[in-house]
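Below: the structure, in structure tokens.
Bear in mind these aren't lab numbers, they're just calculated from the coordinates by the rules spelled out. Please read these numbers as outputs of a predicted model, since none were measured by experiment. Heads up, the Cβs are rebuilt from the backbone with ideal geometry, glycines too, and the neighbour counts pull from every protein chain shown.
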Amino acid sequence: MTPDIGQVLFCGSFGLVIIGIFGIVLTNHLVRIVLSIALLETGANLLLVMSGYRPGAAAPILVDGTVPASMVDPVPQALVLTAIVIGVAVQAFMMVLVLRVHTAYGTLDIREIRTLLERDITHAAGVPLPVSPDEPLAQPHTVLHRGAQ
Amino acid sequence: MQAYAYWIVLVSVAVMLTGAVSVLVLRQYMAAVVATAVVSLGASVIFVVLRAPDVALTEAAVGTGLAGVIMALSLRRLGLHRDDDPAHHREDESGER
Amino acid sequence: MRRYLALLLLMLMALLLLAVAMQFGFGAAPMRVGSAINSAAPGQVGAANIVTSVVLAYRGIDTLGELAILFTAATAAGLLLGQRPATTQPDPEAGFILRHAADLLFPLLLVVGLFIIVHGHLTPGGGFQGGVILAAAFFLPLLARPASRFRHGVFGVVEALAGAAFIGIGLLALTDGGPFLQPMLGKGVLGHLVSAGTLPLLYAAVGLKVGTELAGLMAGIAAYEARDP
């Protein structure tokens, strides 16, 4: 009943992709969303490298000029090399965006940011805030927890 | 594939999945950043077993080192490097009510 | 309520993905282009590292695109971070361990980074890996002594020159009659340090560009003051 190595690897990489998507959809904090995107990219890169594997083959590097009998596919490896570096560059840019959002709004909870964004946009457009007729009259007091500076 | 390679891959996949789940579950943000770096390290070990040393070197240097440093630096600038997640506290309170 | 619905849909999607994944074959790569490249690369390009020859010779335009994406991301991040106010107090100096470790590690990291960049066509490594190590080497003294001035001007000039050198070497190939980024300058003996034509030069340009770019980005984040709204 032991799973063979292909199934283990597929579980691992698809598991990373799924956990990454879970994190993006279900988390409320911007920093955790950025970390979930990083997990998603790692899982996808793992899948790409797995697609070029052949059992019993050697790495595509010639040692001392001897050519091995069979080598794995070098094209997915070159593509994943590019993908990893691009992923980190985009993650760095996302963190800078998170820094600016924190400076502008003071909070990193996406629910509170959504409320503040709606208020800013409606103020800028000059229209009154849309109020639903089902809204309760007294809003519950939510404590904005600001991190210790 | 040799026997020991199978066990290395099994352990690495287990470490990766545990690290991925703990990114979403851990309270402190710095711990979540470290868990992301652990996931990258596990992926780098698997790349070596899959006969891709170039990719393993890149993932270890870039995914673990550089991404971890950039995230930790940004956490420090946000002032969150010692804080817990307030949402976890709120869920605990609503559970006790 | 919405969270439970999202959770349910995600579980369904996870089950579907796993069911599809279990039917994939593992270890049966078709390798139509791959086997052709594996047999032809050492003779055509002359590099012992076949992945390097794919990255720089067969798919050189993709590497140029990656450099463009890196440049765009770093420039956009620098624009967003804005100017550093000169009157803010820098962070205090780091402790004994970090200061002395940074002093010891800086030359070691430089040597290791340059070694990995220069031997990119012989052993696993290359411009991106060595460039990241160079970025860590340039950034470490700033972590240990935050009050020291980080010369953004010098790093900007080096980054621009390295990027221009990459494109310039590619344009030189046009004068030879070949397509853009065609490797030139003779193949040399396989396995020697000076071999594979312009590939080591291209990787050196890539490594310098990536290193200085990422070091500048990290220094920008480190100097950013998160002001209270």
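General observations
- For the segment C:72-83, counting C-beta atoms of other chains within 10 Å of every residue's C-beta and taking the mean gives 4.
- The string of couplings for the range C:194-204 from the Karplus curve (6.51, -1.76, 1.60, θ = phi - 60°) is 8, 8, 6, x, 8, 4, x, 5, 4, 5, 5 Hz, one whole number per residue in order, with x for Gly and Pro.
- Inverse mean reciprocal Cα-Cα distance (Kirkwood Rh) of the protein assembly as shown, Å: 24.3 Å
- GNM flexibility winner over chain C from C:Q23, C:Q83, C:Q44 (Cα, springs under 10 Å): C:Q23
- Inter-chain shielding of A:23-29 (mean C-beta neighbours from other protein chains, 10 Å cut-off): 4
- Close amide H contacts of A:A58 (hydrogens built in the peptide plane, cut-off under 5 Å, sequence separation of 5 or more or a different chain): A:S70, A:M71, A:V72.
- Note on B:L10/C:A40: beta-carbon distance plugged into 1/(1 + (r/R0)^6) with R0 of 30 Å gives a FRET efficiency of 0.20.
- Remark: the range A:48-65, residue by residue, has Karplus-estimated 3J(HN,Hα) of 5, 5, 5, 6, x, 8, 10, x, x, 9, 9, 5, x, 9, 8, 9, 6, x Hz, where x stands for each Gly or Pro and the curve is 6.51 cos²θ - 1.76 cosθ + 1.60 at θ = phi - 60°.
- Sequentially through the range C:72-77, phi angles give Karplus couplings (6.51, -1.76, 1.60; θ = phi - 60°) of 4, 5, 5, 5, 5, 5 Hz, Gly and Pro residues having no value and appearing as x.
- The distance linking the range B:67-83 with the range C:140-209 is 32 Å (Cα centroid to Cα centroid, whole angstrom).
- Partner shielding of C:29-41 amounts to 5, given as the average count of beta-carbon atoms from other chains within 10 Å of each residue beta-carbon.
- Anisotropy class of chain A from Cα gyration tensor, a/c 1.5 cut: prolate
- Residue exposure sequence - B:Y4, A:Y105, C:Y203 - by fewest surrounding Cβ within 10 Å: B:Y4, A:Y105, C:Y203
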